[in-house]
Amino acid sequence: MKVLIHGAGVAGLTLAFELATRGADVTVIEKRRQIAGNASWQAGGMLAPWCERESAEEPVLSLGRDAADWWSAALPGHVMRNGTLVVAPARDAAELDRFGRRTSGFRSLDTEAIAALEPDLESRFGRALFFAGEAHLDPRKALPGLQEKLVQMGVRFEFGYGTASKPYVADFEADCTGIAAAQPTLRGVRGEMLILRTSEVSLARPVRLLHPRIPVYVVPRSGNLFMVGATMIECDAAGPITARSVMELLNAAYALHPAFGEAELVETGVGVRPAVADNLPRVERDGKNICINGLYRHGFLLAPAMARQAADMILGHEDEEGARP
């Protein structure tokens, strides 16, 4: 079966992998000139279904709990299974209690246990929640890595695809274009992030710093880099990051560790994430067309499960009524 996938973000690439693994003839077309710059590129890459349950419905946990295994199988060596640490300043201890009531899969840590996990946070926080079963990856390594593997599997890519590009003949087409899809039920949720560089801080895992107004996560990456994000603004504007967001994210990073105050600000970024009313993803089919959308802030976490659903539909293992969590 020949399948044409529109979009080379995390949804399109995971679907391409599922289909190619099952023997389909796959072509991916992408309007951008390369795999960079989209919402997937700006993501934190956290595979954290238990933490996300704090503000998400049960399907995010049930669909996302196998994501780390999927990514490990697809891209060996890319997934770091060091868990997630959740902390809060003493004045916001109630936020930590609230987070714990809404989640599961964690154990509570005291000051000594925090220091044993993250020595650079020694004596900075009195309590924490540790989600040992969670993981993370670097989207800026995972996306190109998955594309390279797909090429080796025979998947064809065309970048810079526009209205003047040649038409493709396919048995099935899949729309994985995210916020660019022409769907009236979609809304944009703007996420803003910073990338900082410092050799004065070392973290082994993502750390979530709770705050009543703007919870922030700090994700370590190679080369002394840290991704700090991310705001959730109900807006589909993709313009530059706002001064307010820069200040809030920097203040949060500084609250986690003062050495971030001297860090180099390497990059600021904005990604507009597609969402529907209940913030849960959709796989919808209309004849020989299928759409994966609404991944919201859970792209890397939920894309594998949605890709499996879509591949089942395309290859005839599901009915034509569509599916949702």
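Determine whether V87 is under 19 Å from K149 (Cβ atoms) and of a type in the set (V, I, T).
No: the conditions fail for V87.
Could you please find all residues in segment 237-277 being among the hydroxyl-bearing types (S, T, Y) and in contact with a strand residue (DSSP E or B) (Cβ under 9 Å, 6 or more places away or on another chain)?
Matches in segment 237-277: T242, S245, T268.
Of the conditions (1) farther than 19 Å from A39 by Cβ; (2) not in a strand (DSSP E or B), A305 satisfies every one except a single condition; which number is it?
Result: A305 passes all but (1).
Suppose we keep only residues that are at pLDDT below 95 and of a type in the set (V, I, T) within segment 222-245. Which one would you say is least open to solvent (accessible area, probe 1.4 Å)?
T231
Within segment 193-216, can you find the residues that are among the hydroxyl-bearing types (S, T, Y) and either without any contact (Cβ under 8 Å) to a residue 24 or more places away in the chain or open to solvent by 30 Å² or more (accessible area, probe 1.4 Å) (or both)?
Within segment 193-216, S199, S202 meet the criteria.
Return yes when M247 is more than 22 Å from A16 (Cβ to Cβ) and without any contact (Cβ under 8 Å) to a residue 40 or more places away in the chain and no when it is not. Please lay out each step first, then the result.
Numbers: more than 22 Å from A16 (Cβ to Cβ): yes; without any contact (Cβ under 8 Å) to a residue 40 or more places away in the chain: yes.
Yes: the conditions hold for M247.
Within segment 261-287, can you find the residues that are more than 28 Å from I241 (Cβ to Cβ) and under 18 Å from the mean Cα position of the chain (by Cα)?
If the condition is that a residue be more than 28 Å from I241 (Cβ to Cβ) and under 18 Å from the mean Cα position of the chain (by Cα), then R282, V283 are the ones that fit.
Please enumerate the residues belonging to segment 129-179 that are open to solvent by 50 Å² or more (accessible area, probe 1.4 Å) and within 30 Å of S108 (Cβ to Cβ).
Listed by number, the residues that qualify are A132, G133.
Sort out for me the strands (runs of 3 or more DSSP E) sitting completely within segment 99-186 that have 3 or more residues that are aliphatic (A, V, I, L, M).
Those strands (runs of 3 or more DSSP E) do not exist here; none qualify.
Quickly run through segment 271-296 and pick out the residues that are in a loop (DSSP other than H, G, I, E, B) and open to solvent by 60 Å² or more (accessible area, probe 1.4 Å).
Of everything in segment 271-296, those that are in a loop (DSSP other than H, G, I, E, B) and open to solvent by 60 Å² or more (accessible area, probe 1.4 Å) turn out to be A277, K288.
The values are calculated or read from the model by the stated rules, or taken from the named source; none is laboratory data. It should be emphasised that the depicted structure is a prediction, and the values quoted were computed from it without experimental measurement. Using ideal geometry, Cβ is built from the backbone for each residue, glycine included, and neighbour counts are taken over all protein chains shown. Please note that ligands, DNA and RNA were not included when accessible areas were found on the heavy atoms of the full protein model with its side chains. Shrake-Rupley method; radii C 1.70, N 1.55, O 1.52, S 1.80 Å.
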